[in-house]
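One structure below.
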């Protein structure tokens, strides 16, 4: 009888610690799982935040450009006095008195934007597609003579303009101090709200006229000039 009790005693004792160890093991396993879940959720939150930052839209007011009533203007960037306008070009075929920034821009082929070259600044035939000289009473856009204007209905073009102009990374502080504007842009997201700006390819900068410029700089980077030039080619195809 005593032998049986001795035998059964250890067996019962062994069962009790085993049960305790199983519970401890279960708790130990559950803790890492919870920690992993927390870490996963944290990582997802970080990714969502990063994605939100990357997908941030254009800065105001360019976030309203797509879908707005958009008008693009070809502008006379510089007006020569009548006596100079009638004088044949000097060295390089350019008319004397032309600002150096415009001379450089023209001599570089106007970066492929011959349709934005102002009439009267080059000898006839030097660059094809030049528009006729504006009449003396031609309308103006913020002081610059309007050579032509067109509505931009294509929402893809509107979106391109918004992405370029609304991105602070499109600009830097390196630009000329002049502002001879070859292009103007006006967009109205709603009645009574008009956002006007001037674009100077020859001086490499953009000047907001009716709103506060949202970026810290306004000089166009080379890739910005390239992107805007491609949009201009779509708005005014060469020869128009």
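The values are calculated or read from the model by the stated rules, or taken from the named source; none is laboratory data. As the structure is a prediction and not an experimental result, all values here were calculated from the model. With ideal geometry, Cβ positions are generated from the backbone for all residues, glycine too; neighbour counts draw on all protein chains shown.
Would you confirm whether any residue within the range 54-63 is at pLDDT below 90 and either part of a strand (DSSP E or B) or over 27 Å from residue 194 (Cα atoms) (or both)?
yes
I'd like the residue in the range 175-197 that is within 15 Å of residue 145 (Cα to Cα) and without any contact (Cβ under 8 Å) to a residue 40 or more places away in the chain and, out of all such residues, is surrounded by the most Cβ atoms within 10 Å (Cβ to Cβ).
Checked the range 175-197; the qualifying residue surrounded by the most Cβ atoms within 10 Å (Cβ to Cβ) is 197.
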